[in-house]
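Right, one structure below, let's go through it.
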Ligand SMILES: Nc1ncnc2c1ncn2[C@@H]1O[C@H](COP(=O)(O)OP(=O)(O)OP(=O)(O)O)[C@@H](O)[C@H]1O
Ligand SMILES: [Mg+2]
């Protein structure tokens, strides 16, 4: 389990650029969760996820992984990197290897896994991301489509068998098909028991993929709870400059003219329910 306790992060202290990026942030991530971290640009999302594996250090407070403060001297970096895998924004820009196999094997190799384990991890991770390993491992990563590249990049972190998978805007800059395939495979990984936390600007993704929302505003956590609860709080959503998912906005508009209507996250089901209600 990962726990953040009363953390403050200040960039460039003692300069005119001083920036309080996170203030008094506390949260816990338990096994099996799928968490969407949302908030406007500059609200502290990337800073928060970099705390999770020690890339950003708190100025105050603690980051505990399985009860151990990761910022104390005697904690092994390798152990943290193994347990907390982070997929950064546009990860495919960091590709360097000549084959997909070598690209995905880089992490496990660095963690001193045996040859046999490396192969198993690479194959398993590629399968989680929807590939047939034998038909892709010999290809050069640069020849893949945008969506495939992103999935290989995610596989290269999954291959380290992290306990928690953190993704910073995993679908940024992708077209609809690419987004859909990345999302569906992240969802499959989660169904397989992988704990995930992802940053997103896409409220549809947050609504359909997460079972918990953490919303940041100017470095403060302003909400931590279920997607249903978050997206039914119209005042909070507009206060922090976000927009509810389409299906909820659609339902709300209809409520004005129809009064009570049933609830469903699924647009087709909602339309059927409303149809039945008005006699169609
Ligand atoms: N290395 C850094 N040095 C100085 N200031 C930084 C640094 N990284 C982030 N900041 C500042 O801290 C604040 C939070 O940044 P952060 O990148 O965490 O936001 P974000 O929510 O991820 O934004 P975005 O949606 O644009 O990715 C911003 O004001 C940013 O300018
Ligand atoms: Mg960011």
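Okay, here's what the table says:
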| read-out | value |
| --- | --- |
| Evaluation of residue 218 against (1) out of contact with any helix residue (DSSP H, G or I) (no Cβ under 9 Å at 6 or more places or on another chain); (2) closer than 30 Å to residue 18 by Cβ; (3) away from ligand 2 (no atom under 16 Å from the Cβ) (one fails), failing number | (3) |
| Sole residue being on the phi < 0 side of the Ramachandran plot, surrounded by 21 or more Cβ atoms within 10 Å (Cβ to Cβ), within 16 Å of ligand 2 (Cβ to nearest atom) and in the same structural domain as residue 210 (by TED's automatic domain parsing), chosen from 170, 141 | 170 |
| Residue under evaluation residue 183, criteria (1) modelled with pLDDT of 90 or more; (2) more than 14 Å from ligand 1 (Cβ to nearest atom); (3) more than 18 Å from residue 43 (Cβ to Cβ); (4) under 15 Å from the mean Cα position of the chain (by Cα), criterion not met | (1) |
| Complete set of residues in the stretch 137-147 that are farther than 20 Å from residue 183 by Cβ and assigned to a helix (DSSP H, G or I) | 141, 142, 143 |
| Some residue of the stretch 144-157 being at negative phi, surrounded by fewer than 15 Cβ atoms within 10 Å (Cβ to Cβ), assigned by TED's automatic domain parsing to the domain that holds residue 178 and without any contact (Cβ under 8 Å) to a residue 24 or more places away in the chain | no |
| Hits in the stretch 87-130 (condition: in a helix (DSSP H, G or I), within 16 Å of ligand 2 (Cβ to nearest atom) and in contact with a helix residue (DSSP H, G or I) (Cβ under 7 Å, 6 or more places away or on another chain)) | 91 |
| Output for the stretch 1-58, where each listed residue is on the phi > 0 side of the Ramachandran plot and within 16 Å of ligand 2 (Cβ to nearest atom) | 39, 42, 44 |
| Qualifying positions in the stretch 188-201 - within 17 Å of residue 129 (Cβ to Cβ) and either within 16 Å of ligand 2 (Cβ to nearest atom) or free of Cβ contacts under 8 Å to residues at least 24 places away in the same chain (or both) | 191, 198 |
| Selected residue [within 8 Å of ligand 1 (Cβ to nearest atom) and assigned by TED's automatic domain parsing to the domain that holds residue 82] from 57, 45 | 45 |
| Positions within the stretch 131-148 being modelled with pLDDT of 95 or more and in contact with a helix residue (DSSP H, G or I) (Cβ under 6 Å, 6 or more places away or on another chain), in sequence order | 133, 136, 137, 139, 141 |
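The values are calculated or read from the model by the stated rules, or taken from the named source; none is laboratory data. Quick caveat, the model's predicted, so the values are computed rather than measured. Positions of Cβ are backbone-derived with ideal geometry, glycine not excepted, and every protein chain shown enters the neighbour counts.
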